[in-house]
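Some notes on the structure that comes next.
Read-outs: derived from the displayed coordinates by stated rules, not from any lab. Just so you know, these numbers come straight off a predicted model, no measurement behind them. Glycine gets a Cβ as well: all are built from the backbone with ideal geometry, and neighbour counts include every protein chain shown.
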Amino acid sequence: MRFSTLKRRRWIMRTAIIITSLMCCSSARDSMTLSSPLSDEHGDTLVSDGGTFQLGFFSPNGSSGSDHRRYLGIWYHDSDPQTVVWVANRDHPVLDVTGVLTLTQDGNLKVLDKAGKSYWSTNLEESSHLALKVQLLDTGNLVVARGGESGEAESGSGKMILWQSFDYPTDTFLPGMKMDENMTLTSWRSDDDPSPGNYSFQLDQEGQYQFVVWRRSIRYWKSGVSGKFITSDDMPYSISYFLSNFTTSIDNNASVPYLTSSMYIDTRLIMSSWGQVQYLKRDSEKVWAFVWAEPRDRCSVYNMCGDFGSCNSDADVVCKCLPGFSPSSPDLWNLGDFSGGCIRKSILCNKGSETFLGLKAMKVGKPDSEFVAADEMECKKECLNSCQCQAYSFEEGESAAGQGGSGGGVCWIWSENLNNLQDGYDEGHDLFVRIAVSDIESTARNCEICGTNLIPYPLSTGSQCGDPMYRSFYCNTSTGTVNFKSPSGTYQVTQIIPESRKFLIRSKQTDSCKVLAFNRSLPFHLSSSCRGKTSSKPEIDISWEPPPEPTCITSTDCTDWPDSTCSTTLDGRRCLCKPNFRWNPLLLNCTKGKKHEVLSSKKVPPSVVISITFACLLVLIALLSTVAFIYIQRRNSGKKKGNWSNIRRYSARQLYDSERQVKELIDSGRFKEDSSNGIDVPFYNLESILAATDNFSNINKLGQGGFGLVYKGKFPGGQVLAVKRLSSFSGQGFEEFKNEVILIAKLQHRNLVRLLGYCVEGDEKILLYEYMPNKSLDSFIFDRTLCMSLDWNTRFKIILGIARGLLYLHQDSRLRIVHRDLKTSNILLDEEMNPKISDFGLARIFGVKEISVNTNRVVGTYGYMSPEYALDGFFSDKSDVFSFGVVVLEVLSGKRNTGFYQAEQGLSLLGYAWSLWKEEKSVDLMDPTLHKSCNMNEYLRCISVGLLCVQEDPNDRPTMSNAVFMLGNETATLPTPKQPAFVMRRCPSSGASTSSKLESCSFNELTVTLVNGR
């Protein structure tokens, strides 16, 4: 009896232990021991205590169903798509789902398959497995430890860490790691292959806390390549602070928020498979956003153009040799391999006359020496006195004081070959490269070198050089750039190639390779090739004709052209070749041989005379035929309009989705505007749009704006689109319409509205967008009933979404774009109240190096335009920042900036908000409907960011990347805003009007849209 009772108790205890074990295994756990391995087949994982990271087996992104490669890794828990930060067996995947992570008898952590084959191991020296514990910490660190608790291993709790994944990273650096000389981040081979790739990131042993990216054994990118000469290419100190595990001393300044380790939560740095180091931050919606990346363009690659090769990322051919230098390997250079760089044409100190090539705004590798010089002449002499000196640079002022001098300036000397050259660098310095005079002057009539551009004869930048026929160039000495003047405008010259007698110009945004034209009297011709056709500003090849004999006034002007004398010709006096010599326009001199004799009727054979006469008759017949054709076409143009209805019947419901088909529309006369090049969205015919909108019925009308009316269209298949119809009374014309069609089609972002099609037929110009059921933001925040549905979380999400959309336009898209008309009515809301920026008719593409642009035509909406744009015509990305600040304050207050008037002090909405902020009464600005749901910390942060964005001086306003950072970071210390623009009311309030129309007004060349209350 007693025995049976004891047996029953043991059975009960055993059952309880089994049930407890099953319950533990079925729930999420963050640790494992010898008795609890992780099985891929059972789907076992570890989840960190805070739920941030998860460890288990996975298949790489994009791998197909037939691909059974399985890796043990760590990723962000519940991330979509899966964001992997560490891989154990990256070299040796398990080829089925039998993989197991286990703690073995020798104390090692191993990945095994069902046959016991090892795919990865911690490779610890053999030790007892007793009291060992494997734990995934909430920092993403996987640790193997003995004794104590694993949470605070190094704080003296008695636990000793034997191994941790933070010491063996793959491609990702996480907060809590520390980048030292032993740590290397190695890229994946591709997005779906975690095996070690071609790129690695580590500390640079040659510099104090500088970093380097290697492409196998070749240095691919390096921070601080210019040393103290240019400090802006150093690693940003906010990233250095992160990589040092928050141990480096930081010199904070007023323009950047104070840095603390808490600001780096949900951040990571990765070495991408294509060679770019990227620093990313995750927002509250679990979306990763780029904060910083290098190399950011082709010229950021280490020594992209080799020694003495200058880089320009805006040019289609990114590299060119400095004047006086030639490619060390011409064949490789012509194939696009510039790594060999350039070599001098003549050796220095070789008894020839030498000069210095003055280059503006140059970035260059670290100088070899520096000293304090009294003036530039002393610096120049120092370089000339040494045959090793390749170049010098001199800077006056404060730099000398920093070097211990009392006056003068700092002289930098380069004794080794110049590397990492980049022209047009924003923070670059003047650089003077030593060169032989004979290497840059092919004739005595050559123009002076302009920047990195050698201007060969006969091209002319002034009356004292070149040939007058070729005087279509001028040198901007302040920037070192050459400009070409043509009948259709002025263009920047990106490269001059004397060997092939051609030069390249940068086309303007609205130009194409077919628009540029020349007078027949000019010696220039448009080449058949057009470089960079997919670029917003392609490069155009232009060739020049071989020159005639040089001009002269007296015989002394011909001394540089032997065997010639100054004689009078039909086009003035020129250096004509002597008898038995003829002018060679390719060699630019007189060479032996008979002159070209003028043909006369006596010497011309009869067969030639007959041929010429016959050709002239053919030309005459062709001209007469052309005149007759034009006459008939004009006479029948009315008849063609009458047949238009028949053409439409055959083209009903037809979708044109390629440029070739758009060109057919042009040829048929249905598309009368300038060009359809670059249109990447489908063409809808008018009949299908009329059917979808019920002939633009008022029932389907959604609203109207400066562009015209917007309708709801129902297309075959149940597709619902928003149809914007350009009004004939709109201030916007075809250029704005085409700008929007071409521009928005190239943009893809969750906070930008998607363009799905367009139509141009007759006078109709129509855009088709994705349908937004909640219409625009202004219809909610300014409506006292609908605004109730916008609680604080929704409004904060809208503000963040608009900021991220603008950041994409300014920085992250393949085009750098300024919107120029950001306002609440141009923010559309989808069914989940996500904001989407729309209406890109006034947007402009900015060059990478453009800071601001001056325009003679100011367009935009009153109340949202920045002061420098509205008053002076200057616009930049900071103009959009101002508009964003106005939108933020309108969203927070529920009041229009244009309709607001504070009677006591005559303040605008911006002035009223600033006044309340100074008195620490910002809560009084809040829309009353937000009092219950508002997060006060977020609200006050939005007020501060809004006021920072509307400051009068554009330089005081933050960039959109800083604005996004300040809005999304609760611990950031924000700068103090200065007085905003337009504090006082400068024009009568429009609040008295009850019209809901948008009135477009034009005064001189200022075009604005007045937004009246609804």
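Of the peptides 86-94, 829-837, the ranking by mean beta-carbon count within 10 Å, highest at the top, reads 86-94, 829-837.
Taking each of K320/K592; K895/K921; K714/K765 in turn, the alpha-carbon distance tops 28 angstrom for K320/K592.
With the cut-off at 1.5 for a/c, could you classify segment 193-296 from its C-alpha gyration tensor as rounded, prolate or oblate?
On the way: a/c = 2.00, a/b = 1.11, b/c = 1.80.
Cα axes put segment 193-296 in the oblate bin.
Extension gain for K485-S35 works out to 153.9 nm (0.36 nm per residue, less the C-alpha to C-alpha distance).
Computed from phi, the 3J(HN,Hα) profile of segment 760-775 under the Karplus parametrisation 6.51, -1.76, 1.60 (θ = phi - 60°) reads 9, 9, x, 8, 7, 10, 9, 10, 10, 10, 4, 7, 10, x, 9, 6 Hz, with x in place of Gly and Pro.
Can you tell me the length gained on complete extension of the stretch K978 to T247, counting 0.36 nm per residue apart and subtracting the Cα distance?
Details: separation 731, 0.36 × 731 = 263.16 nm, distance 3.31 nm.
Full extension from K978 to T247 adds 259.8 nm.
Would you mind calculating the gained length between E920 and F356 on full extension (0.36 nm times residue separation, minus the Cα-Cα distance), in nm to one decimal? Could the numbers behind the result be given before it?
Details: separation 564, 0.36 × 564 = 203.04 nm, distance 6.01 nm.
Taking 0.36 nm per residue and subtracting the Cα distance, the gain is 197.0 nm.
As a calculated quantity, the FRET efficiency between Y209 and D138 at R0 = 30 Å, using C-beta atoms, amounts to about 0.60.
Among the listed pairs K712/K836; K281/K363; K878/K978, give every one whose C-alpha distance is greater than 27 Å. All intermediate terms of the calculation are to be shown ahead of the outcome.
Values: K712/K836 18 Å; K281/K363 30 Å; K878/K978 15 Å.
The answer is K281/K363.
Note on segment 373-505: the C-alpha convex hull projects to 10.2 nm² when averaged across all orientations.
Applying D = kT/(6 pi eta Rh) to segment 310-428, where Rh is the Kirkwood radius over alpha-carbon pairs, T corresponds to 4 °C and eta to 1.567 mPa s, the Stokes-Einstein value obtained is 82 µm²/s.
A simple spin-label model places pseudo-atoms 7 Å from Cα toward Cβ; at R784 and V287 they are separated by 3.4 nm.
Note on Q388/D571: beta-carbon distance plugged into 1/(1 + (r/R0)^6) with R0 of 56 Å gives a FRET efficiency of 0.65.
Given R0 = 22 Å, the distance between the Cβ atoms of N198 and D297 translates into a calculated FRET efficiency of 0.70.
The order of the peptides 234-243, 408-417, 447-456 by mean Cβ neighbours within 10 Å, most packed first, is 447-456, 408-417, 234-243.
Annotation: for a label point projected 7 angstrom from Cα along Cα→Cβ of S527, residues of segment 538-568 with backbone N closer than 18 Å are 538-547.
Whole-Hz Karplus values for segment 169-174 come out as x, 9, 10, 10, 10, 10 Hz, taken residue by residue from phi with 6.51 cos²θ - 1.76 cosθ + 1.60 and θ = phi - 60°; glycine and proline positions read x.
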